[in-house]
Amino acid sequence: MLDLQKLTLGRLLESRDNDFYSKLMSEYFSGMNLVLYDKIKSFYKANLRLPSIDELLVVHKDVSLQDYIETQILNDTNKYETIANAFLVAQLQDHYVREESIRFLDKFMDDFENLEKVEIIDKLQEHVLQLNKAAPSVDELFDVGELEFFPKGDDFILYPSGLSTEYDSVNGGFALQELVLLGGRRGSGKSIISLNCAYNRFKQGATVAFFTIEMRYKEVYDRLLSIISEVPFLDIYRNELREDQKVKILQAKVDTFYQPNPELLKLVEETTKTKDFDRFELEMKNRKFPMKDNRFFLIDDESLNLSRIDHYCNLFSSKYPNFSMAVVDYINIIKIPDQKDWKSQIVLSDSLKSMARKYNVTVLSPFQIDSSGEARFAKGILDFADRAFSFMPVDQEKDPDKLKMMTSKIRNGKTLNFEVFMNWPCVKIDPTQSKVINENLLPGERYGSEESSKDL
């Protein structure tokens, strides 16, 4: 009988194929096969290449391991040389998914009667997330010779960032499948800037999701109303609105979120004259006027974890074809079970990047920086980002409305630092007033040099 684990390890030792190795994980092996795989993995980590059989045996000088390789691993390798590596990976993944699901379901059914609805959904989502992580789909193959000679670029669309018109004219904005990280100090306005980016994408006809962990949805909603109506946020938040401000909010919200409708326009006109806002609210609830195809969702969850983010992104992706952006506010406080140290933030960054690709969306998430402008606790948090920025005030006293936005990383594009103009009372960015302040930087050059950090 064909032993997939033994055949895979034998094939790996004989071929020393790095691409084949990159698709394997320790979760696929057990017993002595796991011992052998871990030895190969340790050698690769130390030498950045796969070992030959002789090298492996010399390094470890393990008689039992030598005997296992000679009698068990290499015994059947030549018999099945026609079996493709991709088939072996797919079969190992299939076996892993089946075995893990059986174990999960056994434990799940034992606890089922004592679980609440939310707990059931969470556990199922966490299981799916675990399977997706350890057994991703085998990569599609692309024969380069069969691809278009002059690709139209339909799969790589850049959307204006909403931060700076001048920046976007050079770098094109943000792309789908990108992870964008936005660094700022505590209380510096990370959420406000992220909300502006989300609203900007919404204005372009996209459905967006804004996950809020620290703030309640009402605070986010009030800020959004301030952005779209240009009524000061504090007036909305404190419920200290004049009648003319209420009319302004009413008109802005109807224009932004609802489809043109004669009856709705008539209701808005009547309310503008009568100032009977209670009647207006009642009519809107009862008559359910049609909304635009693009939607803006707020997800308020103080216990937000990766499985819930994945669940909602899957929901929006399946229901709204124009779903193209998810903002997670913010990465440092997303909960990961059983992980409390700085490494969890790197796991989160990796997972958010995976979701960006999985759901074909832009994922934007703020993170905290220290006084030097570096990511707090986990510098590796930027490794998975396609674009990363950090920002600080230009001059708190002379130019309180200006922020200096510094590019800490960009995968495809030119490194640019630029100023962002912020209307703080209405928590709104005006991208047309921004300006690039170091357009001569070379691609890949970071802001964090001694010279460039003097003026921060």
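Taking every residue in the range 88-99 that is exposed (fewer than 14 other Cβ atoms within 10 Å of the Cβ) and pairing it with any residue that is not hydroxyl-bearing (S, T, Y), at least 6 positions away or on another chain, the pairs with Cβ-Cβ distances below 9 Å are D94/A135. All of N438, N423 fail the test of being of a type outside the set (A, V, I, L, M, F, W, C) and modelled with pLDDT of 90 or more, apart from N423. Scan the range 205-215 for residues that are modelled with pLDDT under 95 and among the polar types (S, T, N, Q) and the total you get is 1. Out of the range 194-240, which residues are touching a residue at least 12 places away in the same chain (Cβ under 8 Å) and farther than 21 Å from N294 by Cα? Once the filter is applied, which keeps residues that are touching a residue at least 12 places away in the same chain (Cβ under 8 Å) and farther than 21 Å from N294 by Cα, the range 194-240 yields I213, E214, M215, R216, E219, E230, V231, P232, F233, L234, I236, Y237. Within the range 257-266, at least one residue is surrounded by fewer than 16 Cβ atoms within 10 Å (Cβ to Cβ) and within 25 Å of C313 (Cα to Cα).
Do we find a residue being of a type in the set (S, T, Y), free of Cβ contacts under 8 Å to residues at least 12 places away in the same chain and surrounded by 13 or more Cβ atoms within 10 Å (Cβ to Cβ) anywhere in the range 44-54? Checked against the condition, which is being of a type in the set (S, T, Y), free of Cβ contacts under 8 Å to residues at least 12 places away in the same chain and surrounded by 13 or more Cβ atoms within 10 Å (Cβ to Cβ), the range 44-54 yields no hits at all. Residues that are assigned by TED's automatic domain parsing to the domain that holds T165, modelled with pLDDT of 90 or more and in a strand (DSSP E or B): does the range 374-385 have at least one? Taking every residue of the range 374-385 in turn, none turns out to be assigned by TED's automatic domain parsing to the domain that holds T165, modelled with pLDDT of 90 or more and in a strand (DSSP E or B).
Let's see how each residue does on (1) modelled with pLDDT of 95 or more; (2) among the basic types (K, R); (3) touching an Asp or Glu at 6+ places or on another chain (Cβ under 9 Å):
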residue	(1), (2), (3)
S307	no, no, yes
F316	no, no, no
F323	yes, no, no
D329	no, no, yes
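Taken over the range 161-189, the criterion of being closer than 21 Å to D300 by Cβ and surrounded by fewer than 24 Cβ atoms within 10 Å (Cβ to Cβ) is satisfied by R186, G187, G189.
Taking helices (runs of 4 or more DSSP H) as the structural unit, those lying wholly within the range 200-269 and holding at least 3 residues that are charged (D, E, K, R) correspond to 217-229, 243-257. Entry remark, the range 36-51: residues being modelled with pLDDT of 90 or more and either under 13 Å from N85 (Cβ atoms) or aliphatic (A, V, I, L, M) (or both) number 2 in total.
The values are calculated or read from the model by the stated rules, or taken from the named source; none is laboratory data. What you are looking at is a predicted structure, and each value in this text was computed from that prediction instead of being measured. Cβ: placed from backbone, ideal geometry, glycine included. Neighbour counts: every protein chain shown.
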